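Read through the structure below, which is laid out as structure tokens, and then see the notes.
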């Protein structure tokens, strides 16, 4: 019995170290300090370019809508936010040429109920998680909001509308910080 206990100690120590590493590297800090906005009904619009012969090629997607602050709203304006997410597609999701797979994008947000409230912009890269959801991550490039400084991370997701080639209503969410 004593030999079995001694031989299992390295495994227990290794498991404890692994658990400590996972906890230390988890995104819990970002989730607890970030400010998240969600958009239940964003308008998703595909943008096409004509190829040769004129076959539509997906070059971008825009998502616009009004969202509400869900978590971490302290110090941020309580009014709804207007956001535009513009995606520049570098690769589509096979086999559907209407689903974006990866590329770059721009985030623009304002608080429209009060023109004196500031606006912010950011840039991001994106990659499709699957044929239903696209994840994006980047940083704020300019902001007039004192709690949202340039360089702050921004990350989130969008879903594809029911008819991705036509566009329509989709959901989106992003987190500052």
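The values are calculated or read from the model by the stated rules, or taken from the named source; none is laboratory data. These numbers were taken from a predicted model, which means no experiment stands behind them. Backbone-built Cβ (ideal geometry, glycine too); neighbour counts: all protein chains shown.
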(message) So in region 120-139, with the set limited to residues that are over 14 Å from residue 81 (Cβ atoms) and surrounded by 17 or more Cβ atoms within 10 Å (Cβ to Cβ), which one is nearest to the chain's Cα centre (by Cα)?
(response) 136
(message) Can you find, within region 27-46, the residue that is modelled with the lowest pLDDT among those that are farther than 23 Å from residue 100 by Cβ and surrounded by 13 or more Cβ atoms within 10 Å (Cβ to Cβ)?
(response) 31
(message) Against the definition (surrounded by 15 or more Cβ atoms within 10 Å (Cβ to Cβ), in contact (Cβ under 8 Å) with a residue 12 or more places away in the chain and either under 20 Å from residue 60 (Cβ atoms) or in contact with a helix residue (DSSP H, G or I) (Cβ under 8 Å, 6 or more places away or on another chain) (or both)), how does residue 176 come out, yes or no?
(response) no
(request) Please specify each residue of region 52-73 satisfying the condition of being touching a strand residue (DSSP E or B) at 6+ places or on another chain (Cβ under 8 Å), on the phi < 0 side of the Ramachandran plot and part of a loop (DSSP other than H, G, I, E, B). (result) 73
(request) Would you mind stating whether residue 49 is surrounded by fewer than 15 Cβ atoms within 10 Å (Cβ to Cβ), free of Cβ contacts under 8 Å to residues at least 60 places away in the same chain and part of a strand (DSSP E or B)? (result) yes
(message) Here is a check on your reading of the model: is residue 86 part of a strand (DSSP E or B) and farther than 17 Å from residue 37 by Cα?
(response) no
